[in-house]
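What follows is a single structure, written as structure tokens, with notes after it.
The values are calculated or read from the model by the stated rules, or taken from the named source; none is laboratory data. Nothing here was measured: the structure is a model prediction, and the numbers come from that model. Note that each Cβ is placed from the backbone with ideal geometry, even for glycine, and that neighbours are counted across all protein chains shown. Quick note on the areas: whole protein, heavy atoms, side chains included, nothing else; ligands and nucleic acids left out. Shrake-Rupley method; radii C 1.70, N 1.55, O 1.52, S 1.80 Å.
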Amino acid sequence: SKRLKVQGLTHSYGGKNAISDVSFSIEAGEIVALLGPSGCGKSTVLRAIAGLIQPKSGKIVLGNQDLADVSARGRGIGMVFQNYALFPHLTVAENIAYPLACQQISRAARKQRVEEMLSLVRLNDFGNRLPRELSGGQQQRVAVARAIAGRPSLLLLDEPFGALDRALRFDLQVELLHLQRTLGITTLIVTHDQEEAQSLANRLVLMNKGNVEQIDTPMTVYDRP
Ligand code: ADP
Ligand code: ADP
């Protein structure tokens, strides 16, 4: 688990600024929610951190490492997206093992890690199933297991439970908090759901129109008049 520092991040698509001068940091093991209306730039911040886009300017530091010259793969970041489909022709276990294939891990250790992850998301008996045989909530739990199987130093979640109904969303939030407390992974969760942000995050970064408007703890942000 590492500290993330984002400093002066700016990015534009086709000449139009999507985010400008975005700065915040996440302490090691902390959960921070990036909150704001649709189109305010949350996903752009996430994509820059993940290395999926190259920001126009700014600095992203994970632990002691400036990520400017580090490939998306080399960053050791786990990701879960709202519509981040599992590989449909791979079993649940194969899906979870997928990020481990890129690492130097023995077959036996890989198998053990998959079992451990399945147990962590309470899907012990589902390893040999195909994704389509699972419910939406179960599939999203597999996506979370896959994201953390490689022991990432940072976990990025982009509206991870947005597609699920309320009850299931709540279950998965509880699950995520449990996982987070067990593993202590530094986590950035993007959401436009204030309740979700309130219940999950240690701190909130509020964005609007490409800028950071406020950084605070969940209580104080909404207690203000
Ligand atoms: P959010 O995640 O908060 O909804 P985004 O980061 O997706 O916001 O988008 C920020 C702004 O950038 C929006 O105005 C959006 O329309 C624009 N944008 C996002 N992705 C692209 C893209 N690939 N090409 C052009 N404009 C984009
Ligand atoms: P979100 O708001 O959840 O970030 P959107 O539904 O706005 O996602 O965008 C979905 C996809 O469309 C993203 O890949 C984004 O990059 C792209 N996109 C968003 N806005 C624009 C835009 N104005 N022009 C081109 N692509 C865009």
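Rounded to the nearest whole Hz, the Karplus-based 3J(HN,Hα) values (6.51 cos²θ - 1.76 cosθ + 1.60, θ = phi - 60°) of the stretch 3-18 follow the sequence 7, 10, 10, 10, 9, x, 6, 9, 8, 9, 10, x, x, 9, 5, 9, with x at glycine and proline.
Rolling a 1.4 Å probe over the protein heavy atoms gives the chain an accessible area of 51 Å² per residue.
Averaging the sequence gap over all C-alpha pairs within less than 8 Å and six or more residues apart, then dividing by the number of residues, gives the chain a relative contact order of 32 percent.
When only Cα pairs under 8 Å and 6 or more residues apart are kept, what is the percent relative contact order across the stretch 52-144? That works out to 32 percent. Rounded to the nearest 20, the size of the Cβ-charge dipole of the stretch 68-225 about its Cα centre is 620 debye, with Lys and Arg at +1 and Asp and Glu at -1. For the stretch 141-151, the Karplus equation 6.51 cos²θ - 1.76 cosθ + 1.60, evaluated at θ = phi - 60°, returns couplings of 5, 5, 4, 5, 4, 5, 5, 9, 4, x, 6 Hz by residue, with Gly and Pro reported as x. Overall, the stretch 151-198 carries a charge dipole of about 260 debye about its Cα centre when +1 sits on the Cβ of Lys and Arg and -1 on the Cβ of Asp and Glu, all other atoms neutral.
For the pairs LYS2/LYS56; LYS2/LYS209; LYS2/LYS59; LYS42/LYS209; LYS59/LYS209; LYS16/LYS59, flag any whose C-alpha to C-alpha distance is greater than 18 Å.
On the way: LYS2/LYS56 24 Å; LYS2/LYS209 28 Å; LYS2/LYS59 16 Å; LYS42/LYS209 10 Å; LYS59/LYS209 20 Å; LYS16/LYS59 20 Å.
Over 18 Å Cα-Cα: LYS2/LYS56; LYS2/LYS209; LYS59/LYS209; LYS16/LYS59.
Rolling a 1.4 Å probe over the protein heavy atoms of the chain, with every protein chain left in place, gives an accessible area that is 48 percent carbon and sulfur.
Give the shape of the chain as rounded, prolate or oblate, defined through the alpha-carbon gyration tensor: a ≥ b ≥ c are the square roots of its eigenvalues, a/c under 1.5 means rounded, and otherwise the shape is prolate if a/b is larger than b/c and oblate if not. It is prolate, given that a/c is not under 1.5 and a/b is the larger ratio.
Taking θ as phi - 60° and the Karplus parameters 6.51, -1.76 and 1.60, the scalar couplings of the stretch 184-189 work out to x, 7, 4, 10, 10, 10 Hz in sequence order, x denoting glycine and proline. Centroid-to-centroid, using Cα positions, the stretch 21-64 and the stretch 137-203 are 17 Å apart.
Note on the stretch 1-149: dipole from Cβ charges, positive end direction compared against CYS102, LEU4, ASN64; the farthest Cα belongs to CYS102.
Could you tell me the relative contact order of the stretch 6-75? Use alpha-carbon pairs under 8 Å, at least six residues apart, and round to a whole percent.
Numbers: 87 pairs, mean separation 24.2, N = 70.
Taking the mean separation of contacting Cα pairs over the length of the stretch 6-75, I get 35 percent.
Taking amide H positions as modeled 1.01 Å from N, with prolines and chain starts lacking one, the residues under 5 Å from ILE53 and 5 or more places away or on another chain are ALA48. Under 5 Å between amide hydrogens, built in the peptide plane, is the criterion, and for VAL80 it picks out LEU156, LEU157, ASP158 among residues at least 5 positions away or on other chains.
Would you calculate a helix-derived [θ] at 222 nm for the chain, using -39,500 (n - 2.57) for each DSSP H run of n ≥ 4 and dividing by the full residue count, to the nearest 500? Counting only the DSSP helices, I get -10500 deg cm²/dmol.
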